[in-house]
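Asker: Right, I'll just put the structure down here and ask away after.
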């Protein structure tokens, strides 16, 4: 039996739909994460499982899409428990992978799996606190990725491109909220700025994925006389 849906304020001034399509554009655009996650998993499979962190990112990305569909679609009261943990987990994984690379260490699964499981409890007890945790994890992930881009020239273009795509999506999403310039009910917002954020964020993960688990080390210095 489905729980009573919670009231939802359209995050990007998009016209509401009839339940279970509470926010139609944001619901459909959430499938971009499912497609992105599937692509990452297929690409990771071609690596014969040599980069488990990449496969984990793919699985988390699929779960982000599923949780987002539930949040923007039927929107049951318990939706944060399904929506928040995979998102925090993906951010923690990206941050952990960047820090591990900078320190020359392998990534421990518990560096990202621990926060993901903890957020299941946090999202159930205090959804607001779960949002704060996601913001903190996002800040760490972005900072660590930028530091990694500075330290790893071979990955720099990919990391900075992913950061730029994510930043563009975040800007559109923010400017499309009520009271911001791109929030024009009945105008362009029929497309939903939040939906644009979904698509660009999913694209950023696709761009970033090949760097996850990658370890580029400088070759040995040339010998004398070379």
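Taken together, the values in this text are just the output of simple stated rules run on the coordinates, not laboratory data. If you're wondering where the values come from, they're calculated on a predicted model, not measured in any experiment. Counting neighbours? That spans all protein chains shown, and the Cβs are built from the backbone with ideal geometry, glycine included.
Asker: If I model a spin label at residue 121 and residue 38 as a point 7 Å from the Cα along the Cα→Cβ vector, what separation in nanometres do I get?
Answerer: So the label points at residue 121 and residue 38 sit 3.6 nm apart.
Asker: Compute the Kirkwood hydrodynamic radius of the chain, taking the inverse of the mean of 1/r over all pairs of distinct Cα atoms, and give it in Å to one decimal. Don't skip to the answer; put the middle values down first.
Answerer: Details: mean 1/r = 0.0544 Å⁻¹.
With all distinct Cα pairs of the chain included, I get 18.4 Å.
Asker: Relative contact order of the chain: what whole-number percent is it, with Cα pairs under 8 angstrom and at least 6 residues apart? Display every interim value, and only then the final one.
Answerer: Numbers: 357 pairs, mean separation 61.1, N = 226.
With pairs under 8 Å counted, the relative contact order is 27 percent.
Asker: May I pose another question? Averaging the inverse of every distinct alpha carbon separation and then flipping it gives the Kirkwood radius. What is it for the stretch 102-209, in angstrom units? Walk me through the numbers on the way to the answer.
Answerer: Working: mean 1/r = 0.0627 Å⁻¹.
Final number for the Kirkwood radius of the stretch 102-209 is 16.0 Å.
Asker: Same structure again: Whole-Å semi-axes of the stretch 118-166's equivalent ellipsoid, largest first, each the root of 5 times a Cα gyration tensor eigenvalue?
Answerer: Values: eigenvalues 178, 18, 11 Å².
With the √(5λ) rule applied to the stretch 118-166, the semi-axes are 30, 9, 7 Å.
Asker: Shifting gears a bit: From the helices alone, meaning DSSP H stretches of at least four residues, give me the mean residue ellipticity at 222 nm for the chain, per-run term -39500 (n - 2.57), in deg cm²/dmol to the nearest 500. Spell out each step's value before the answer.
Answerer: Numbers: 8 runs with 147 residues, N = 226.
About -22000 deg cm²/dmol.
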